[in-house]
Each structure stands twice: as structure tokens, then as C-alpha cells.
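The structure appears right after this line, and notes come after that.
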Amino acid sequence: MTALVAALATVLVLSGLVLGVQGIRKVPAAPPAARRKAAPLLGRRFSRLSKRTQMLLVAGLATGLLVGALTGWLVAIIILPLAAVGIPFLLSAPESSTKIDRLEAMEEWTRSLSGVLTVGYGLEQALIATLRSTPAPIRPEVSTLVARLRARWSTAEALRAFADDLDDATGDLVAANLLLGAQRRGPGLASVLEGLAESVSADVRARRDIEAGRATPRATARWITIITIGTLTLLAFSGTYIKPYGSPLGQVILIALLTGFVGVLMWMRSMAKGDKLPRFIGQAVAETSRA
């Protein structure tokens, strides 16, 4: 207990000294752009993390400091914050299921838009009319598209921005067909969109079959992680088993072993992750083609 109090007091005193020096120093005011440039890289990256990740990182760091002070295992200051952030990531569901839900929403919205066009609406009026029935996964993007049309954006510019908002190759395909319909103003856009909805539906079925095949390595990586964490937790209470890792060399070896283990898990997770299809429309593609 005395060692813990001394360690915590040391941390508090050093923090107070650092903050005091920072407060006493007179630093000339810099413009906002310069202040952003001078901000530490670590601080900028920390601020970009989600609130949940920041809380997990701070909690892991506090626990690591406590464990390090109680046991003398300074390696806990490194391992526990990384584990607090990394374990939820390794056990989390992949983003592919969310992408498939968005594809299904695009199919439903495209089919609805085709039906509205068949009753004699113009393209802009049809886009606005489908807002109420837009599926939730793409409702923010369609709402933004309708807001731009109501704000007197040109249809072509609004559709290109819509493709950027969707940020998906299938979304580019939908936006490209709408762009052609806006330019030609022909009666065949409804049938084209109906055929496009069928194509997206087939794409959804194919992706679901692929995801079913990828589920096995993901489940394997998840169970390996859970079993390993449980085993290490139980062995941590066995003083004879973990005693060799208490020395400085043992802690270095422990970090190397854990790094290799996490690297293998990340490799297994990447094997079950598909590559994103390239986009062919939108502002980002236009900038790339100019470069």
C-alpha cells in the first residue's frame, strides 16, 4: 500500500509540475491554422478517436498504472490500454453486414423511384417524393440530396454529391443512371431503374453468400481471442507460472509474444475482409483523374 501511495503521489506531483510550467510559460498567440500545425501529433490522433475509444484508452491507462504500481510490472502500462481498445475491435462484428444493409436500402429506394417515375413525375419531383419512404440506412444521404435540390442546386451537381455521400460503387451506378436520365429526359428511365434494382438485388444475394463463407474464420479468430484472454487471466493468479516474466528481459519477451499473437489475429481478420470495389463517379474520382 505504501508503494502504491508513493507511486500515485509521484504521478500527481509530476503532472502538477508539468501543468504549472505550461501555465507559467508565456507563449505568443498564434493564428488558428498555426495552432493546429503546432498541436502534437499524438494529441491530434487522440482527438480523432471516438468518445468510447477515448474512455477505454484512459481507463486502460489508469488500470495499467495501478497494476504497475502494485506489482512492479511496468509492462502493464503498455499492455492494458492497448488491450482495452484492441479486444473490442477484434471481437466486434465486421462492417460488411452494414454495407449489405445499405445495398438492400439502395435496391428498395431505386425500385420505389422507378415506380414514382411511371406515374408521370419528373425526376426532381420523384426524388423528393421518395424521401418519406426511403429506408433508414440511406435516409441521411437521400435527405441531403433532396435538400440540395430544394436549395436550387443543379440536378447534375446534386447527384454527383449524392454519389460522394453514398461512397459506394453501387451508389455510383445508381447516380450515373440518374445523371443520364437528367440529361436526356427520356421516358425509359423508369425501366432502366427497375432493371438496376434487379441487378442490385442479385449483388446483395451474392454478397450474403460470400459473407456466409467468411463467417467461419471470423468466428475462429473470435473464439481464439476469448480463450486466450481467459487462460492468461487465470494464469496471472499463478505466481510460479508468470514469475519468469517479472524480470525486465521477461517483460520484453512478453511484449514480443503478445505482439506476435495480436499480429496473427489481425492477419486472420484481414483474410475475412473483402476489398472495396473502386468508384467511378464523384468529386474524389475527378480529383484523382486530374492528378
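Which order do peptides 165-177, 217-229 fall in by mean Cβ count within 10 Å, highest first?
On the way: 165-177: 19.8, 217-229: 14.4.
Ranking, from highest mean packing down: 165-177, 217-229.
Report the calculated FRET efficiency for Arg208 and Val119 (r = Cβ-Cβ distance, R0 = 22 Å), to the nearest 0.05. All intermediate terms of the calculation are to be shown ahead of the outcome.
Details: r = 32 Å, r/R0 = 1.46.
Plugging the Cβ-Cβ distance into 1/(1 + (r/R0)^6) gives 0.10.
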Of 197-208, 259-270, ordering from highest average Cβ density within 10 Å down gives 197-208, 259-270
For Asp168, what residues show an amide H to amide H distance below 5 Å, using hydrogens built from the backbone and excluding near sequence neighbours? none
Residue-ordered couplings for the stretch 211-221, obtained by feeding phi - 60° into the Karplus form 6.51 cos²θ - 1.76 cosθ + 1.60 and rounding to whole Hz (Gly and Pro as x), are 5, 4, x, 7, 5, 5, x, 5, 5, 4, 5
Size of the stretch 96-209 as Cα extents on the principal axes (Å, biggest first): 40, 26, 22
In range of the label at Leu49: residues from the stretch 222-241 whose backbone nitrogen is under 13 Å from the point 7 Å along Cα→Cβ: none
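No lab work stands behind these numbers, since they all come straight from the coordinates. Just so you know, these numbers come straight off a predicted model, no measurement behind them. Heads up, the Cβs are rebuilt from the backbone with ideal geometry, glycines too, and the neighbour counts pull from every protein chain shown.
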